[in-house]
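I have placed the structure first, in the form of structure tokens, so that the comments after it can refer back to it.
The values are calculated or read from the model by the stated rules, or taken from the named source; none is laboratory data. None of the values given here were measured: they were computed from a predicted structure. When we count neighbours, we look across all protein chains shown, and the Cβ atoms used for this are built from the backbone with ideal geometry, even at glycine. Just so you know, the surface numbers come from the protein's heavy atoms only, side chains and all, with ligands and any DNA or RNA stripped out. Shrake-Rupley method; radii C 1.70, N 1.55, O 1.52, S 1.80 Å.
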Amino acid sequence: MSLRLDWCSYDAAKYSVERWHYSKCMPIGKVVKIGVWEDAKFIGCIMYSTGASAQLHKAFGVSRFEIAELVRVALNSHKAPVSKILSISIKLLKKTAPNLKLLVSFADPEHKHYGGIYQASNWVYVGESTPGVYFKLPDGTITHNRNLMGPKGFGGSSTKEIQQRYTDWRNKALKEGKI
């Protein structure tokens, strides 16, 4: 079996995420996309970015240019261990970002992820983050508060601010019989 990792296009990464990642959602912002091929067949991608928290670097005493977050591992059926695929992707990332000092990632226990690939790759476990806040939207879907931030959501930079705007919006929609 031959294994090759190289840069891939946005379209290839999106294809991988929509088919093989539980979120079915591309991360926003600038993302480094590394494609994975086994026996010359595209089997998915690994993605790194600056991450969801612009302040995460402060907790580790590094600059925001010295940290990256592993944001997606979107792979179809494969023969190579994910730990080996991650190891190669990190080496490729390090070649293009020599000032990189720290990689972080988050396992999502709400999707029964416990960080097995990180443990197999000798990542250091530093603890759990606070649980997310979820909202039920008018169409019945449940969404995380992060999805409600920014121009496409309810705006705001804090969960408290989003909760207030969401409550105001929901109360108005109830009064008008929209939900």
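Could you work out how far the C-alpha centroid of segment 106-120 sits from that of segment 76-105, in angstrom?
17
For R64, put the label point 7 Å out on the Cα→Cβ axis and report which residues of segment 24-38 keep their amide N under 13 Å from it.
30
May I ask you to compute the full-extension gain from D39 to N76, defined as 0.36 nm times their residue separation minus their alpha-carbon distance, rounded to one decimal in nm?
Details: separation 37, 0.36 × 37 = 13.32 nm, distance 1.34 nm.
Here the segment from D39 to N76 would lengthen by 12.0 nm.
Ignoring ligands, DNA and RNA, how do D168, D108, D6 rank by accessible area with a 1.4 Å probe, largest first? Walk me through the numbers before you get to the answer.
Values: D168 85, D108 40, D6 60 Å².
Reading off the accessible areas and sorting them downward yields D168, D6, D108.
Multiply the residue separation of S87 and T167 by 0.36 nm, subtract the distance between their alpha-carbon atoms, and state the gained length in nm to one decimal.
Answer, rounded to one decimal: 24.3 nm.
Just reorder F42, F65, F60 by solvent-accessible area, largest first, 1.4 Å probe, all chains present. Each step should come with its number before you reach the end.
Numbers: F42 50, F65 145, F60 80 Å².
Most to least solvent-accessible, the answer reads F65, F60, F42.
List the trypsin sites (Lys or Arg not before Pro) within segment 1-62 that DSSP assigns to loop and that have no more than 11 neighbouring Cβ atoms inside 10 Å.
K24, K30
Roughly speaking, to the nearest percent, how much of segment 35-75's 1.4 Å accessible area is carbon and sulfur? List each step's numbers first, then the result.
Details: 1040 of 1900 Å².
Whole-percent figure for carbon plus sulfur exposure: 55.
What number comes out for accessible area per residue over segment 1-68 if the probe is 1.4 Å? Units Å², please.
That works out to 58 Å² for each residue.
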